[in-house]
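Where a number appears in this text, it was derived from the coordinates with a stated rule and is not lab data. For clarity, every value in this text was computed on a predicted model and none was experimentally measured. No Cβ is skipped: glycine too gets one built from the backbone with ideal geometry, and neighbour counts run over all protein chains shown.
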Amino acid sequence: MAAMLANLARPIKIKTPDSDFGRRKLSPIPSRTSIRCLASGKSGERSYTLTLLPGDGIGPEVVAVAKDVLSLTASLEGIKFHFKEMPMGGSALDAAGVPLPDETLDTAKGSDAVLLGAIGGYKWDKNEKHLKPETGLLQLRAGLGVYANLRPAVVLPQLVHASTLKKEVAEGVDLMVVRELTGGIYFGKPRGFGTNDNNEDIGFNTELYSASEIDRIAHVAFEVARKRNGKLCSVDKANVLEASMLWRKRVTMLASEYPDVELSHMYVDNAAMQLIRDPKQFDTIVTNNIFGDILSDEASMLTGSIGMLPSASIGESGPGLFEPIHGSAPDIAGQDKANPLATVLSAAMLLKYGLGEESAAQRIEAAVIETLNRGFRTGDIFSSGTTLVGCKRMGEEVLKCVDSLTPASVTS
Ligand SMILES: NC(=O)c1ccc[n+]([C@@H]2O[C@H](COP(=O)([O-])OP(=O)(O)OC[C@H]3O[C@@H](n4cnc5c(N)ncnc54)[C@H](O)[C@@H]3O)[C@@H](O)[C@H]2O)c1
Ligand SMILES: CC(C)[C@H](C(=O)O)[C@@H](O)C(=O)O
Ligand SMILES: [Mg+2]
């Protein structure tokens, strides 16, 4: 992680007429190039094993698009990918009886990076906890040790009209949610079911953080904020919860190591409100697992749709996990209606932060922008005057743009 943080990504500069990714510093996340080369001895070699976990619902639809985009990009950029597709979530439950088979975790651990679609669905909703697709996802995150989940929410000028917020509120939003991913109430013990003194059924979970868990996510957030606008807002519920009181104490303590970062604190209920009232007041937000889950879904709607938000999850070492923030969307699964762009942009994050392949990542980001410039929209981001397309067609249009970009039009 230290090497990764030392090698912070430069802002992306893409020479496409209407793109302003370059000005926006769209992906100010630490690059993992140096740590990867140190860890795998792969310096100079441009051949990678990628584990693909399509999952359930729209997962296979959006991962198929991202795989095609990765394959074409690789051939144009002189990279070799060896894809290993493994079962995960509900489809793994059906095939192997568990949501995360050992072979899936082992393959993921042994690869250079992991791309996940989404898991879950009505069929498995009533399963016992250990047999839920969602449990498999938590096991995957814990197994890979990816404690830092970076969820950028950027309102692209092409999609301002797709936002449910007024243009003047949404326009120019560019924030990063740094979500703690392997601790808190998702993992805290004790948890379970039981009965109380009145013999009434109870369910309980524990919001639990150790100082070291808070410190490591705070360091990531301070570093990310330092490379953005130097503003970090830590979101907690320190007026009520002990775990949040410790969170605030540790984050405040670490601030002295980052004098160039302006730290503020906000209670989560207020943060949820402020994100809608005036989202541009935020730059980098750091928060715990559950608040980050909720606030990032909220932030996604500033950008027009949850179908636009990618994410990168990283740990101290080993492969990163890259996934859209959305779920398996059972309401539209199998209908070719899903927006694949969040997964395509997650693939770009994989290239940039998982593999250090910046030029390839930029090619994909530029292709997404160009596809939007050409007016193609899935239903979730459709507005009048644009062309409504399905998931597959959107993928085909992105591929055309990947193919038509010349090295001269994609520079770092
Ligand atoms: N990381 C994951 O795999 C993940 C994340 C969230 C939810 N889930 C699971 O997904 C299932 C459904 O959960 P949910 O309905 O609360 O959340 P969801 O994100 O799947 O869907 C919420 C809404 O957003 C829409 N949507 C989501 N992604 C879209 C896309 N790419 N394009 C267009 N529209 C999109 C859906 O149609 C739905 O109306 C549940 O089983 C849940 O546990 C998984
Ligand atoms: C499916 C669920 C376990 C997951 C989470 O809560 O982390 C999802 O909502 C997400 O945001 O990736
Ligand atoms: Mg979520």
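Worth a mention:
- Converting phi to 3J(HN,Hα) with the Karplus coefficients 6.51, -1.76 and 1.60 and the offset θ = phi - 60°, region 352-366 yields 6, 9, x, 10, x, 8, 5, 5, 5, 4, 5, 4, 5, 4, 5 Hz in sequence order, with x at every glycine or proline.
- In this rough spin-label picture, where each label sits 7 Å from Cα along the Cβ direction, the ARG191-SER383 distance is 3.9 nm.
- Mean Cα-pair separation over length for region 301-412, i.e. relative contact order, pairs under 8 Å, 6 or more apart, %: 25 percent
- Rg/Rg_ref, region 254-405, where Rg_ref = 2.2 N^0.38 Å and atoms are Cα: 1.17
- Summarising the amide proton neighbourhood of GLY318: residues at separation of 5 or more, or on other chains, whose placed amide H is nearer than 5 Å comprise an empty set.
- Close amide H contacts of ASN229 (hydrogens built in the peptide plane, cut-off under 5 Å, sequence separation of 5 or more or a different chain): none are found.
- Most simply put, the chain has about 40% antiparallel DSSP beta bridges, counting only bridges with both residues inside it.
- Residue (of ASN339, THR386, SER328) at the positive-pole extreme of region 327-412, dipole from beta-carbon charges: THR386
- Here is the list for region 298-395: GluC sites (Glu not before Pro) lying in DSSP coil, each with at most 15 other C-beta atoms within 10 angstrom of its C-beta, are GLU316.
- Label-to-label distance, nm, for residues given as GLN274 and ASP215 (7 Å Cα→Cβ offset): 2.7 nm
- Calculated FRET efficiency, ASP102 to SER71, Cβ-Cβ distance, R0 = 22 Å: about 0.20 to the nearest 0.05.
- Ordering HIS219, ALA74, ALA170 by Cα displacement along the dipole of the chain toward the positive end leaves ALA74 in first place; charges were set at the Cβ atoms of Lys, Arg (+1) and Asp, Glu (-1).
- Cα coordinate range in the chain, projected on the principal axes (Å, largest first): 68, 52, 50
- Note on PHE204/ASP94: beta-carbon distance plugged into 1/(1 + (r/R0)^6) with R0 of 35 Å gives a FRET efficiency of 0.70.
- Gyration tensor verdict on region 318-385 (Cα atoms; rounded if a/c is under 1.5, prolate if a/b is larger than b/c, oblate otherwise): oblate
- Across region 167-261, the convex hull enclosing all Cα atoms gives 152 Å³ per residue.
- Area projected by the alpha carbon convex hull of region 102-176, averaged over all directions, nm²: 7.7 nm²
- Helical mean residue ellipticity (222 nm; -39500 (n - 2.57) per DSSP H run of 4+; nearest 500) of the chain: -11500 deg cm²/dmol
- Net dipole in debye of region 140-293 [+1 Lys, Arg Cβ; -1 Asp, Glu Cβ; about Cα centre; nearest 20]: 400 debye
- Pairs exceeding a 29 Å alpha-carbon distance, out of LYS126/LYS237; LYS132/LYS352; LYS123/LYS392; LYS84/LYS392; LYS109/LYS189: LYS126/LYS237; LYS132/LYS352.
- Sequence-distant residues sharing a close amide H with HIS265 (under 5 Å, placed H): SER234
- The chain, relative contact order [Cα under 8 Å, separation at least 6], %: 22 percent
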